Amino acid sequence: MKDIKRFKWFKLDNAAKIYPASHSRSWSNLFRLSATLYEDVDLKVLEQAVKNTIPRFPSMAAKLKQGLFWYYLQPVDEPPAILAEYSYPLAHMTKKEMRECAFRVIVYRKRIAVEFFHALTDGTGGLIFLKTLVAEYLELKHEIEIPCEFGILSRKERPKHYETEDSFLKNAASVKETRKDTNAWHIDGTPEPDAFLNITNFQMSSDKIWHLAHEKNVSVNTYLTAVMMKAILNLQLELIKNPKKYKPVKVLVPINLRPIFNSKTLRNFALYTIPELDPRLGYYTLDEIINIVHHKVGTYATQKNMSKMIQTNVADEKLLILRIVPLFVKNFVMKMVFNSVGEKKSCLSFSNLGQVRLPEIMRKYIERVDFILGPQAQAPYNCSSYTYRDILNVTFSRDIKEARLETYFFRELQALGIEVTVQSNQR
Amino acid sequence: MYCANCGVKLADTEQRCPLCGTEAYHPDIERPEVDPLYPKDFVPKSVLSKTTIHIIIFTLFLIPIFVCLYADLYINRCITWSAYVSLSVSISYIIIVLPSWFRRPTPAVFVPLDFFLIALLLQYINYATGGDWFLTLAFPLITYLGIMVTAASVLLYYLKKGHLYVIGAFFIAMGFYMDIIELFLMVTFKVSFDGWSLYPMIPLVIIGLGMIAIAISRNAKAILARKLHF
């Protein structure tokens with residue numbers, strides 16, 4: 001009984017505080033994780049699986065409620081209805097929907113997808129939810145027993161306090177990092193008139209990339225980020241004719257803070273680093289870019305530096321003047337700050353979820369896993385990557401018509417001798 | 001199967017290349033039927049559809065018309081001044097909002113339509129006020145202006161090059177328009193010629209000729225680029 005009381009409501013975590021404020025009529029900050037099975041999904045069984053799974057995730061299976069001073073999360077009372085898939089993922093989530101349930105479960109033939117409002121959790125937390133949900137589904141459907149490993153949580157256990165904590169508050173340093181940064185180049189294009197989200201998925205052999213990355217003594221993530229930056233650089237050189245108008249190429253690389261701070265939270269706990277190229281200084285070779293990304297990530301993604309970055313955000317949250325103003329004023333101020341600074345500092349986010357590992361018994365049932373980020377509020381792209389079953393996936397989402405960046409990214413991979421299979425939801 | 005244009009390997013779900021749009025077809029390659037990655041043609045309904053927005057704007061335009069008609073009828077027991085308001089608001093709606101109903105509104109239809117409606121409004125005002133200026137002044141002036149603006153907007157819309165020629169010619173035409181205004185004022189109101197129209201006409205014609213000269217001469221363009229760079 002005490003446990004149930006404890007999980008009646010949650011403050012938004014430090015990173016999540018900006019998300020409801022930056023929500024607009026045309027942009028909701030969502031991401032999706034999905035698992036595609038070898039057989040069609042049984043809706044009845046899935047409904048039961050959702051029902052069994054959500055009590056284990058009180059901070060994620062939640063609705064977004066409004067207080068006088070802050071938003072807060074409240075666990076949903078009823079499991080949400082399972083929705084049908086549209087022609088594109090991450091359809092706009094209105095504030096009204098969030099007040100009822102800030103995540104969605106969507107089924108399309110063999111695929112089970114979960115879409116989260118980013119205030120609930122981040123990619124790592126979302127993946128744990130998806131794995132647990134699919135494990136529950138498979139257990140019910142095939143009457144098998146799936147071990148609770150690789151992030152799968154037991155539905156029989158009660159939620160733990162450390163899973164719902166705001167690890168940002170716990171790990172802030174005493175000094176702040178500066179937020180000053182240059183603005184990045186933004187890719188332009190013709191907006192899709194009906195908010196259609198174009199998804200382009202590249203699949204390639206993870207072994208091949210692994211070997212290429214290890215030849216340069218860097219991680220796969222660093223290597224792919226460098227390839228992406230080179231594609232953006234080439235695209236800018238092609239589109240912008242006047243070298244004086246070149247702007248920095250910057251890619252936001254999210255960093256999962258859980259291993260760094262030894263946290264097991266299921267809330268948001270990630271920060272980022274932004275490697276940067278300045279095309280005004282001349283052309284960059286891939287080796288140069290790899291070097292820049294490798295060292296930037298290496299120097300930034302340390303426990304000490306990250307705690308300093310955390311403090312920058314936590315200090316703002318603790319400002320008395322910000323705390324005592326009513327929510328609607330706060331929203332107004334935060335929206336203005338977000339619009340003027342928020343996403344101008346990078347061309348896109350390139351979020352690598354790494355290797356998606358599953359228990360052997362589950363792998364037999366799951367053909368593929370997908371991870372899709374919604375586009376940025378003011379830039380038309382975002383990109384994610386992950387590896388499942390030795391296949392490395394890079395998935396672009398864009399809300400403009402032209403697939404220019406994808407083409408440039410493909411050309412870079414082709415030049416490296418990597419065979420790529422492309423898939424999309426084009427109309 | 002590989003894209004014949006950009007060389008990327010296409011998954012069996014793809015009928016066209018997602019990167020370059022090239023049709024994925026080869027007579028010798030049979031492709032298995034597979035589910036598309038996402039269902040086709042199933043998009044969420046927008047809360048505020050285009051039709052809803054149009055209905056809202058239409059209603060907003062109707063409000064002043066009804067208010068004025070009601071006030072006029074209530075005070076004067078017949079339609080007097082409210083007719084001007086109603087007709088003006090209706091014509092404004094047609095000029096401003098109506099083109100947005102169409103995906104690609106062409107100026108060849110809408111611009112002459114706008115001038116025709118303005119001519120009708122002027123004709124009504126002339127009739128209602130018992131004036132005698134429509135046929136000898138308003139009609140020729142609005143016709144001339146209508147033809148010029150239609151020609152210029154259609155040419156600017158459809159031509160890909162030579163915009164400077166069109167704008168130059170339009171300036172010259174507007175210069176002569178000043179003279180025509182004075183001429184018809186003389187005819188209609190029996191005033192004497194005092195030549196005021198020459199003052200706007202001369203600079204307009206000079207600007208127009210200058211633009212055409214710049215458009216003809218590459219040299220002039222180069223000089224301008226050099227002298228006016230900033």
- line: Taking region A:293-307 and keeping only residues that are surrounded by fewer than 18 Cβ atoms within 10 Å (Cβ to Cβ) and in a helix (DSSP H, G or I), one is left with A:His295, A:Lys296, A:Gly298, A:Thr299, A:Gln303, A:Lys304, A:Asn305
- prompt: Just a yes or no: is a residue in region A:21-39 surrounded by fewer than 22 Cβ atoms within 10 Å (Cβ to Cβ), assigned to a loop (DSSP other than H, G, I, E, B), touching a Pro at 6+ places or on another chain (Cβ under 8 Å) and within 13 Å of chain B (Cβ to nearest Cβ)?
  reply: no
query: Does region A:384-394 contain any residue that is more than 30 Å from A:His142 (Cα to Cα) and within 13 Å of chain B (Cβ to nearest Cβ)?
result: yes
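The rows are residues; the columns are (1) within 25 Å of B:Val34 (Cα to Cα); (2) surrounded by fewer than 19 Cβ atoms within 10 Å (Cβ to Cβ); (3) of a type in the set (Phe, Trp, Tyr); (4) out of contact with any Pro (no Cβ under 7 Å at 6 or more places or on another chain).
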position: A:Leu120; (1), (2), (3), (4): no, no, no, yes
position: A:Ile128; (1), (2), (3), (4): no, no, no, yes
position: A:Val134; (1), (2), (3), (4): yes, no, no, yes
position: A:Leu140; (1), (2), (3), (4): no, yes, no, yes
- prompt: Could you list, in sequence order, the residues of region A:395-427 that are in a loop (DSSP other than H, G, I, E, B) and more than 8 Å from chain B (Cβ to nearest Cβ)?
  reply: A:Asp399, A:Lys401, A:Glu402, A:Leu416, A:Gly417, A:Ile418
task: Restrict the check to region A:93-110 and report whether at least one residue is out of contact with any Lys or Arg (no Cβ under 8 Å at 6 or more places or on another chain), away from every other protein chain (no Cβ under 12 Å), in a loop (DSSP other than H, G, I, E, B) and buried (at least 16 other Cβ atoms within 10 Å of the Cβ).
output: no
field: One residue from A:Met204, A:Met228 being within 14 Å of another protein chain (Cβ to nearest Cβ), surrounded by 16 or more Cβ atoms within 10 Å (Cβ to Cβ) and within 19 Å of A:Thr421 (Cα to Cα)
entry: A:Met204
field: Residue check, B:Pro39 facing chain A (nearest Cβ under 8 Å), closer than 24 Å to A:Thr395 by Cβ and either free of Cβ contacts under 8 Å to residues at least 40 places away in the same chain or part of a strand (DSSP E or B) (or both)
entry: yes
- prompt: How many residues, within region A:167-180, are closer than 25 Å to A:Gln376 by Cβ, of a type outside the set (S, T, N, Q) and under 22 Å from the mean Cα position of the chain (by Cα)?
  reply: 2
- request: Tell me which residues, restricted to region B:42-64, are out of contact with any Phe, Trp or Tyr (no Cβ under 7 Å at 6 or more places or on another chain) and either in a loop (DSSP other than H, G, I, E, B) or on the phi > 0 side of the Ramachandran plot (or both).
  value: B:Lys45, B:Ser46, B:Val47, B:Leu48, B:Ser49
task: Enumerate the pairs (first residue in region B:203-230 and within 11 Å of B:Ile167 (Cα to Cα) and at pLDDT below 95; second residue anywhere and among the small types (Gly, Ala, Ser) and surrounded by 13 or more Cβ atoms within 10 Å (Cβ to Cβ)) with beta-carbon separation below 6 Å, excluding pairs fewer than 6 apart on the same chain, so at least 6 apart or on different chains.
output: B:Met211/B:Gly168; B:Ile212/B:Gly168
task: Please state which one of A:Phe116, A:Phe129, A:Phe150 is assigned by TED's automatic domain parsing to the domain that holds A:Phe7, within 24 Å of A:Phe10 (Cβ to Cβ), of a type in the set (Phe, Trp, Tyr) and not in a helix (DSSP H, G or I).
output: A:Phe116
task: Sort through A:Leu286, A:Leu266, A:Leu271 and tell me the only one that's of a type in the set (A, V, I, L, M, F, W, C), touching a strand residue (DSSP E or B) at 6+ places or on another chain (Cβ under 8 Å) and touching a residue at least 24 places away in the same chain (Cβ under 8 Å).
output: A:Leu271
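The values are calculated or read from the model by the stated rules, or taken from the named source; none is laboratory data. These numbers were taken from a predicted model, which means no experiment stands behind them. Reconstructed Cβ throughout: ideal geometry from the backbone, glycine too, with neighbour counts over all protein chains shown.
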